[in-house]
Amino acid sequence: MSGWWSLLPFLIVIPLSIWTRQVLPGLFAALLVGSYLKDHSLLGGIKTMLTYLVTNLVQSSNIRIIIFLYVFAGLVSIIKYAGGIKGFVHLVSKKVKTKRSAMLLTWFSTMVTFSDPDFRIVIIAPIMKALKEGLIYLLKSLASPLR
């Protein structure tokens, strides 16, 4: 598999992930296409894909990362349902009034969560989403005419 054919999985994963707004379906489709490019038979592509999946899932370092991310995502969900993210957003929204201050908050948050990009997404995404929703509500309420 050399030449431009090797780009085909990447050309599938990016548009599919954007279209579905989820990464896993795009990655799965790209893995399947890449496996079929490696082994052209009907069942050979599926066998190659399953071999790649099982080989990488049973490695202890990958299992530790997966468990850590699931446990940490669960912790963030508990904090979210308990109101911790709303409280933090309420506290931060008093300080964040401009685009620049929102970008500075994002930058500072990434500096604090430097250890792992996936960890960073799990932490910062719910906060920025709630902050964005609060700013959109504020803008909509300020933009509506007073009667």
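Where a number appears in this text, it was derived from the coordinates with a stated rule and is not lab data. Note that the structure is predicted; figures quoted are calculated from it, not measured. Please note: Cβ atoms are built from the backbone with ideal geometry, for glycine as well, and neighbour counts cover all protein chains shown.
Could you name the lysines whose alpha carbon sits less than 30 Å from that of K95, not counting residues in the same chain fewer than 8 places away?
Cross-link targets: K80, K86, K129, K132, K140.
What lysines sit close enough to K38 to cross-link, taking a C-alpha to C-alpha distance under 25 Å and skipping anything fewer than 8 places away on the same chain?
Reachable lysines: K47.
Can you compute the charge dipole magnitude of region 1-120 about its Cα centre, using +1 on each Lys and Arg Cβ and -1 on each Asp and Glu Cβ, nothing else charged? Give it in debye, rounded to the nearest 20. Intermediate values should be presented prior to the final figure.
On the way: 12 positive and 3 negative charges, 158 e Å.
Here region 1-120 has a charge dipole of around 760 debye.
Alpha carbon centre of region 8-24 versus region 47-92: separation in Å?
What the calculation gives is 21 Å, centre to centre.
Taking a quarter of the surface of the convex hull around the Cα atoms of region 3-57, what do you get in nm²?
With every direction weighted equally, the projected area is 3.9 nm².
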